[in-house]
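Shown next, in structure tokens, is the structure this report addresses.
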Amino acid sequence: MIKKYRDQFNLEFTAEKYAEVHQLLNEKSGIDVAFRLSESPIFLPKSFQEKLLDASKSIISQVKKMSPEELDKAIPDSCRVPNDTAKPHFLAIDFGICKTNDGEIAPQLIELQAFPTLYAFQKVYDDIVTEVYPFLKDVKNPPSKVDYVQILKDVIVGDENSENVILLEIYPEKQKTAVDFALTEKFLGIKTVCLTKIKKEGKKLFYENDGKLIPINRIYNRVIFDELENLPDLKTEFDFREEVDVKWITHPNWFFKISKYILPKLVHAYVPKSYFLNEFPTDENLENFVLKPLFSFAGAGVNLNPTQEVIDKISDKENYILQRKVTYEPLFKDINGDFSKAEVRLLYLWKEDEAEPILMDNLVRMTKAAMVNVDFNKKDAIWIGSSNAFFAED
């Protein structure tokens, strides 16, 4: 959207520089990136950034006003974890870059989650892209790496020894986000531990390191709790629903509370109207809405063109929403003259003793397909995948 930077990037881009980004990420993390990286960042005007921040500020304010009882209704009884907290440590807010009916290029809220994402990876990636394309130093994203790591450490490690803090995942070596786990270990000095390796004695949890059992006092949780139900042969000593003597970063209940569940409750010019499926008004046109299950990742279960026949077959309508369709605008020109669409995820961290969360970085997903998910793209497409946004004056 900023011609100056787009033209310069496209002029400087080469396949060798794209390979260099991958190589540097491999060197810094020690493993290959398992998801597709876009060849290009996107460049957005400060005026668009202000729209993003205005919408996010409003959304956060509305969330803060929701009562614990209201949010608590989002948690399925089968997934409820003891010792809930007053607020989450993480907040990720996804906006599509869209064209409105009056022709305005504006953000439109797609979804939001109180669950950690690629915090460590994204900072390293930003720095590497800036290193490979030095002209981007003019629009580099704050904060500095030193400050960024310190804030991350404040939230995740806190006052604990890093030895007693773990990143928890299920089969972490098989996850596409393993590169982020590796970089988080380097940033914070903590270990990544598989749920199947956790030892339990009474209410205390332990992991094994160099033949010794190490007490776990804080868990940086990366397990998507409700997905455990899809692993019927999983054998563990520890069940999330048990009361244990640990501090959750962030508490698993927030995965449900800040999710598609609250979309129908939010009001803002950049928040498309949503309804719970069982409350969909008769005067609305189904053709104008997208069907989404309340709890799913990476576009699973989303129906872009739901029909009444599809709706009628859903028995648990309270677990779905209908969200008004938005039009992603193809704005990001590649070296062949084709255009990609994108959405921006704002990455917040929320310290327990602070009233407002801290905006740390952004993550961009680029596409040329109907859905902003790499799996839906043609394999030979370019300017698709995970990236970042730089903001500058027009």
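Laboratory data are not the source of any read-out in this text; all were calculated from the coordinates shown. All values derive from a computational prediction rather than experimental measurement. We place every Cβ from the backbone using ideal geometry, glycine too, and count neighbours over all the protein chains shown.
Some values worked out for this structure:
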{"quantity": "Cα centroid of the stretch 55-107 to Cα centroid of the stretch 153-228, whole Å", "calculated": "26"}
{"quantity": "Coordinate range along principal axes, alpha carbons of the stretch 198-352, Å, largest first", "calculated": "60, 47, 34"}
{"quantity": "Relative contact order computed over the stretch 239-345 (Cα-Cα under 8 Å; 6+ residues apart), in percent", "calculated": "26"}
{"quantity": "HN-Hα J in Hz across the stretch 337-343 - Karplus 6.51, -1.76, 1.60, θ = phi - 60°, x for Gly and Pro", "calculated": "x, 8, 10, 9, 9, 7, 10"}
{"quantity": "Trypsin sites (Lys or Arg not before Pro) within the stretch 120-198, DSSP loop, no more than 15 other Cβ atoms inside 10 Å", "calculated": "140, 176"}
{"quantity": "Antiparallel bridges, percent of DSSP beta bridges restricted to the chain (to nearest 5)", "calculated": "75"}
{"quantity": "Debye intensity ratio I(q)/I(0), log10, the stretch 135-234, q values 0.11, 0.15, 0.23, 0.24 Å⁻¹ (C-alpha model)", "calculated": "-0.41, -0.69, -1.29, -1.35"}
{"quantity": "5 angstrom amide H check on residue 385, placed H, neighbours 5+ away", "calculated": "366, 367"}
{"quantity": "Percentage relative contact order, the chain, counting C-alpha pairs under 8 Å, at least six apart", "calculated": "25"}
{"quantity": "Whichever lysines have a C-alpha closer than 28 Å to that of residue 204, once near sequence neighbours (fewer than 8 apart) are set aside", "calculated": "87, 153, 174, 186, 191, 212, 235, 247, 257, 351"}
{"quantity": "Residues whose placed amide H lies under 5 Å from that of residue 332, excluding near-sequence neighbours", "calculated": "340"}
{"quantity": "Given the chain, longest segment not containing exposed loop GluC sites (Glu not before Pro) (DSSP; at most 12 other Cβ within 10 Å)", "calculated": "105-241"}
